[in-house]
Amino acid sequence: MRSDCDPILPLYARSRKERARVPEPVEVDGKFYDVMGVSSGHELILRDQRAVHEDIRIEQFAGRPVMFDGVCCRVVSLHTTPDLQESTLQLINPRDPSSKVTVLNADIARLRFPGANGDHTLGRIKHGIVRMAPVVSRTKIKVPLKPNDRFEARLHNCELEGPYSIHVCDRGQLVASSIIHGAKQQRIVVQPDEIAPRYVTIMSLDFGANFDVDIFLYREDQLRGKANIIKAKLGGELILDPLLGSLPCHVAPVLTNGAEHLAVFEQFIRDRAQPVAEAHTYGVDCSRRRLTILNLSMCNQGDAHGVLNALIDFRRQNPGADMSIVISKLGPTEFLDSLEYFTFLKSLENHSIRINMFATSDGQKRQVIHGKAIVIDNQVLFSTGAVMDTRPINKADFSIGLPAAAATMFRHYTDRAIHGEANDELRARLASELASLGVIINDPVANLPWITRAQDALIRGARRKIILHISELVDPIMTQMLIDRAASGVDVTLQVREVDPKSALLLADARRCCSNLQVEDTSWWEPRPHFNVIIADGSFAYLGSSYIWPTQCHMVHQGRSFENGVLLSGDAIASLIQQLGDLRAHAHATDTIPSFAETLRTWKLQYSLKNPCSFPKYLICLEAWPTLTHQTHLERAH
């Protein structure tokens with residue numbers, strides 16, 4: 001792929017909007033249908049354009065219209081159990097506002113939610129998003145094509161070129177013409193099987209079911225996440241991807257355990273609390289001082305209380321500073337019902353520390369902040385640990401301070417993309433500049449999977465050995481890629497805390513024929529590994545927050561994650577390997593090592609695995625979304 005055509009770069013973003021335009025639907029008997037292909041018998045394969053799921057943020061249900069047994073009502077509230085398995089809705093009839101109806105999980109099927117795209121029913125909930133299922137039939141119909149018929153569709157392997165206008169000639173030939181402004185005008189004779197469907201179906205392990213994705217978005221995500229590996233010339237060095245740089249060789253991460261990691265956070269804040277100028281408000285570049293914490297979760301329970309104290313101390317010394325925490329949740333679910341939780345919120349409010357629940361600018365699509373960092377002016381600390389009490393789970397996490405150039409660039413990114421409203425082209429430019437410096441992110445707003453690309457580069461580019469030490473491997477496709485690499489002669493060492501059922505079976509089968517594939521269960525280690533590392537040939541490494549998990553790696557799923565990480569090389573790799581070895585030695589010195597067979601049996605019991613060809617429901621680690629804005633939405637609804 002030419003670099004100027006790479007869909008992860010800003011140049012591509014300039015013309016993306018036009019090429020991403022949805023092909024016009026086909027009207028038949030007053031109904032509109034999406035083109036899903038052309039049969040060998042020259043028939044249009046169509047499906048009702050309303051036969052697509054919708055993802056709705058859970059807090060947007062307050063005030064939403066709903067039909068309950070044919071009676072028009074409005075939603076007062078939607079609650080889910082902590083395990084996300086059951087839902088309860090409270091409804092009111094606008095004609096009788098004093099009466100409320102409680103709809104329990106058993107009666108959910110009686111609800112119909114009307115909308116511009118047809119009626120939908122309530123589906124499962126993940127990451128605070130409800131997947132609504134369409135009521136209309138998904139059955140496809142066939143309509144014979146006649147001479148001079150015209151329709152719009154994408155072409156296979158040319159999905160990113162935008163929709164084409166397809167003309168049926170007198171002899172039945174299909175002639176495709178580009179309709180993108182400024183594109184080279186050409187007429188191409190195409191075969192029926194070259195007409196791409198409007199959607200492609202993929203598996204969602206979160207929801208335990210398939211769902212449809214626009215084929216343009218699917219193909220774009222595939223290409224963005226695939227590295228441009230340049231093979232080495234004779235005696236030369238393999239280039240994993242010319243767009244990916246690495247941190248300076250001397251910049252190495254530090255592994256800490258449990259409360260020690262929270263102490264790193266606290267000390268980083270306290271060391272930078274002292275104002276650098278006479279006026280408390282301004283930083284080194286005469287701009288307003290800014291402190292931003294990015295994290296999946298933050299609370300003040302137990303050992304985590306020291307981080308809040310450090311923030312309060314920072315505020316006292318910098319009364320005019322901009323301070324915010326950009327997070328996905330404020331502590332574990334049980335904490336949200338405690339008096340301590342409300343005291344925590346009041347403390348944040350009293351010290352003007354803003355809470356930013358990250359979402360797209362239109363407010364419709366929730367984004368999960370899974371990346372972890374502290375940004376103070378132009379100084380940045382990356383981490384893999386949450387700001388949570390270390391009890392009852394003691395975790396091992398890495399932290400690494402970014403060098404000056406990379407830290408400054410990441411500050412620019414957070415200023416424009418997190419706090420500001422950067423457009424997709426600016427996001428792409430900032431993210432690509434970060435990648436060239438060895439700082440990689442997955443930006444869920446502009447759908448930029450730089451970490452996924454780096455993971456692909458390391459796994460496909462390694463020639464001798466791959467070491468993966470990851471929290472979760474929940475992607476059978478990636479598992480098969482690792483097995484294929486082992487089959488090709490590359491030594492593969494996989495140390496993993498949790499896998500999905502199908503991957504467990506794939507690994508078990510592969511172990512019988514690939515002696516160079518080593519798999520170790522790390523779920524029993526103490527402290528528990530809570531980081532993600534991929535090392536290729538002992539020369540390059542990824543360290544960061546992103547698991548090998550579709551929702552975090554790919555931008556076509558719900559609740560897409562903001563992730564962050566770094567690329568390491570040189571002496572930093574030796575330091576990383578040494579610390580991983582020390583952690584493993586510590587775990588093995590204090591407990592009995594389970595065999596792979598024991599690990600497989602544990603996984604089978606864990607998932608109640610019976611049919612290896614199906615995906616059992618996979619319960620993720622993220623908990624229910626806190627109802628911080630519930631009261632606000634109720635007030636708006638009334």
Q: Give the long-range amide H neighbours of Ser561: residues separated by 5 or more places, or on another chain, with amide H under 5 Å away, using H modelled in the peptide plane at 1.01 Å from N.
A: Val368
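Using helices alone, I'd like the mean residue ellipticity at 222 nm for the chain: each DSSP H run of four-plus residues gives -39500 (n - 2.57), total over residue count, nearest 500.
-7500 deg cm²/dmol
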Q | Cβ-derived FRET efficiency at R0 45 Å, Ala263 paired with Thr201, nearest 0.05 | A | 0.40
Q. Can you sort Phe358, Phe314, Phe216, Phe342 so the residue with the fewest Cβ neighbours within 10 Å comes first?
A. Phe342, Phe358, Phe314, Phe216
Q | Gyration tensor over alpha-carbon atoms, region 76-134, equivalent ellipsoid semi-axes in Å | A | 20, 16, 10
Q. How high is the relative contact order of region 456-512, in percent, counting Cα pairs under 8 Å that sit 6 or more residues apart?
A. 42
Q: Could you work out the Rg to Rh ratio of the chain, with Rh taken as the Kirkwood radius (inverse of the mean 1/r over all Cα pairs)?
A: 0.98
**Q.** Cα gyration tensor, region 453-582 - rounded (a/c under 1.5), prolate or oblate
**A.** rounded
Q: For region 99-247, restrict the atom set to alpha-carbon positions and state the Rg and Dmax in Å.
A: 22.7, 79
Q) What pairs in Lys140/Lys329; Lys17/Lys226; Lys395/Lys502; Lys231/Lys329 have C-alpha atoms more than 32 Å from each other? A) Lys140/Lys329; Lys231/Lys329
Q.
Taking 0.36 nm per residue of sequence separation and subtracting the Cα-Cα distance, how much length would be gained by fully extending the chain between Arg150 and Arg463, in nm to one decimal?
A. 107.7 nm
Q: Place the peptides 171-179, 194-202, 380-388, 470-478 in order of packing, highest mean first, counting for every residue the other Cβ atoms within 10 Å and averaging per peptide.
A: 380-388, 470-478, 194-202, 171-179
Q) For region 297-364, rounded, prolate or oblate, judged on the Cα gyration tensor with a ≥ b ≥ c (square roots of eigenvalues), a/c < 1.5 rounded, else prolate if a/b > b/c? A) oblate
Q) Sequence-distant or interchain residues sharing an amide H contact under 5 Å with Lys395, placed H: which? A) Gly258, Arg528
Q: Indicate the gyration tensor shape class of region 435-505 (rounded, prolate or oblate), computed on the Cα atoms with a ≥ b ≥ c the square roots of the eigenvalues: a/c under 1.5 is rounded; otherwise a/b larger than b/c is prolate and the rest oblate.
A: oblate
Q. What Kirkwood radius, in Å to one decimal, follows from the Cα pairs of region 341-495?
A. 18.3
Q: Return the inverse of the average 1/r over all pairs of distinct C-alpha atoms in region 1-149, which is the Kirkwood hydrodynamic radius, in Å to one decimal.
A: 18.7
Q. Rg and Dmax of region 1-58, using alpha carbons, in Å: what are they?
A. 16.8, 46
Q: Provide the per-residue ³J(HN,Hα) series for region 338-345, in order, calculated from phi with Karplus coefficients 6.51, -1.76, 1.60 and θ = phi - 60°, each as a whole number of Hz, with x at glycine and proline positions.
A: 9, 5, 4, 5, 5, 5, 4, 4
Q. What number, in percent, do you get for the relative contact order of the chain if the mean sequence gap of Cα pairs under 8 Å and at least 6 apart is divided by its residue count?
A. 15
Q.
Please list, in order along region 394-404, the HN-Hα scalar couplings obtained from phi with the Karplus expression 6.51 cos²θ - 1.76 cosθ + 1.60 (θ = phi - 60°), rounded to whole Hz, x for Gly and Pro.
A. 9, 10, 9, 10, 9, 9, 8, x, 7, x, 3
**Q.** Antiparallel bridge percentage (DSSP; both residues within the chain; nearest 5)
**A.** 75
**Q.** Residue order, fewest to most surrounding Cβ atoms within 10 angstrom, among His370, His557, His250
**A.** His250, His557, His370
Q: List the residues whose amide H sits under 5 Å from the amide H of Phe531, counting only those 5 or more places along or on another chain, with H placed 1.01 Å from N in the peptide plane.
A: Ser471
Q.
Quick one: 3J(HN,Hα) in Hz for region 549-558, Karplus 6.51/-1.76/1.60 with θ = phi - 60°, rounded, Gly and Pro as x.
A. 8, x, 5, 8, 8, 10, 9, 10, 9, 6
Q) With a 10 Å Cβ neighbour count serving as the proxy for reagent exposure, in which order, fewest first, do Glu433, Glu563 appear? A) Glu433, Glu563
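No lab work stands behind these numbers, since they all come straight from the coordinates. What you are looking at is a predicted structure, and each value in this text was computed from that prediction instead of being measured. Cβ: placed from backbone, ideal geometry, glycine included. Neighbour counts: every protein chain shown.
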